[in-house]
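Just below is one structure, and these are the notes that go with it.
Nothing in this text is a laboratory measurement; each read-out follows from the coordinates by a stated rule. This is a predicted model, so every value here is computed, not measured. Here the Cβ positions follow ideal geometry from the backbone for every residue, glycine too, while neighbour counts run over all protein chains shown.
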Amino acid sequence: VKLYHDKRAPNPRRVRIFLAEKRAHHEIDLELAVVDIAAREHQTEAFLALNPLGLLPVLELDDGRLLRESVAICRYLEELYPEPCLLGAEPYQRAVIEQWNRHMELELLVPVSQTFRNTHAFWKDRIEQVPEWGELSRKRSLERLAWLDRELADRPFIAGDQLSIADITALCAIDFGRISGIRITEDQPNLTRWYQSITSRPSTKA
Ligand SMILES: N[C@@H](CCC(=O)N[C@@H](CS)C(=O)NCC(=O)O)C(=O)O
């Protein structure tokens with residue numbers, strides 16, 4: 001089994017952290033293969049044969065079957081390797097985790113990524129940028145960090161009492177914000193406490 005990833009991109013990192021949490025409990029035979037976005041390796045014919053969208057991550061099974069979309073890959077890993085449970089153990093908990101993971105994707109990772117794509121020089125000759133949309137997305141990202149700080153006042157993790165995929169998505173989004181100057185601020189104690197607790201986990205170095 002092979003996971004195609006890029007070392008700096010947030011979506012592949014979500015899967016690497018998820019996998020590292022699983023590897024603390026299970027032997028998992030999985031090889032990492034770098035596809036460097038900066039070097040445009042994701043636009044080569046060889047990679048487009050794996051994913052015509054040219055997006056990472058992609059999981060390739062030993063029999064050649066392919067899976068893309070971070071959450072689909074994580075779901076597959078969760079089914080094969082149930083410990084620790086990161087997608088929820090019973091119906092309500094599974095739904096709540098899905099809810100929070102979608103919030104972290106749509107309310108945080110999307111605006112953070114849109115800020116980077118539309119304001120950063122890295123994308124200048126790669127995509128058509130709309131700087132105004134980038135600035136609106138920056139504003140949205142900062143508003144969402146303030147909202148998340150309020151949400152975390154009454155619980156240790158984003159979807160409740162236990163680590164879940166929602167924490168992994170949030171961490172990858174927040175760390176990815178740095179390149180665009182989007183950061184947790186000093187007046188966000190709950191988010192700061194959550195961030196310190198999450199980053200103390202060895203998996204987050206993945
Ligand atoms: N929803 C997809 C998003 C995949 C995605 O946007 N990947 C980015 C890296 S974080 C990518 O490959 N970007 C290359 C590009 O936009 O050219 C997932 O979760 O897998």
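Dimensions of the stretch 1-85 from C-alpha coordinates, computed as largest minus smallest value along each principal axis and given longest first, are 36, 27, 18 Å. Straight-line cross-link partners of LYS205 among the lysines, defined as a Cα under 24 Å from its Cα and at least 8 positions apart when in the same chain: LYS2, LYS7, LYS22. Shown is the FRET efficiency for THR192 and LEU30, computed with R0 = 45 Å from the Cβ-Cβ distance and rounded to the nearest 0.05: 0.85.
If the only charges are +1 at each Lys and Arg Cβ and -1 at each Asp and Glu Cβ, what is the size of the charge dipole of the chain around the Cα centre, to the nearest 20 debye? Write out the running numbers ahead of the final one.
Values: 28 positive and 32 negative charges, 111 e Å.
Computed about the Cα centre, the dipole is about 540 debye.
Seen from every direction in turn and averaged, the convex hull around the alpha carbons of the stretch 60-206 projects onto 10.5 nm².
Its relative contact order, with pairs defined as Cα atoms under 8 Å and 6+ residues apart, puts the chain at 22 percent. Summed over qualifying helices (DSSP H, 4 residues or more, each -39500 (n - 2.57)) and divided by its residue number, the chain shows a 222 nm mean residue ellipticity of -15000 deg cm²/dmol. Phi angles of the stretch 116-124 translate, via the Karplus equation with coefficients 6.51, -1.76, 1.60 and θ = phi - 60°, into HN-Hα couplings of 4, 5, 9, 10, 8, 4, 3, 8, 3 Hz per residue; Gly and Pro are given as x. Computed from Cα atoms alone, the Kirkwood hydrodynamic radius reported for the stretch 111-193 is 13.5 Å.
For the stretch 70-137, the list of GluC sites (Glu not before Pro) that fall in a loop by DSSP and count at most 14 other C-beta atoms within 10 angstrom reads GLU128.
Sorted from largest to smallest, which semi-axis lengths in Å does the alpha carbon gyration tensor of the stretch 83-152 give for its equivalent ellipsoid, taking the root of 5 times each eigenvalue?
31, 15, 8
From a point 7 Å beyond the Cα of LEU80 in the direction of its Cβ, which residues of the stretch 5-41 have a backbone N at a distance under 11 Å? Of the residues in the stretch 5-41, 27-31 have backbone N under 11 Å from the label point off LEU80. Computed from backbone phi with θ = phi - 60° and the Karplus coefficients 6.51, -1.76 and 1.60, the 3J(HN,Hα) list for the stretch 16-22 is 4, 5, 4, 5, 5, 4, 5 Hz; x is used for glycine and proline.
Please work out the FRET efficiency for the pair ALA121 and GLU143, using the Cβ-Cβ distance as r and a Förster radius of 22 Å; give the result to the nearest 0.05.
On the way: r = 25 Å, r/R0 = 1.14.
For R0 = 22 Å, the calculated efficiency reads 0.30.
Spatial offset of the stretch 111-135 relative to the stretch 1-58 amounts to 23 Å, using the alpha carbon center of each.
Between VAL58 and TYR4, the built amide H atoms are under 5 Å apart, and every one of these is 5 or more places off in sequence or on another chain.
Per-residue Karplus couplings for the stretch 91-105, computed as 6.51 cos²θ - 1.76 cosθ + 1.60 with θ equal to phi - 60°, are listed in order as x, 5, 5, 4, 5, 5, 5, 4, 4, 6, 5, 5, 4, 5, 6 Hz, Gly and Pro entered as x.
Around MET104, with a cut-off of 13 angstrom between Cβ atoms, what is the net charge of the other residues, counting Lys and Arg +1 and Asp and Glu -1? Net local charge, MET104 excluded: -3. Normalising the average separation of contacting C-alpha pairs (under 8 angstrom, six or more residues apart) by the number of residues puts the relative contact order of the stretch 94-198 at 35 percent.
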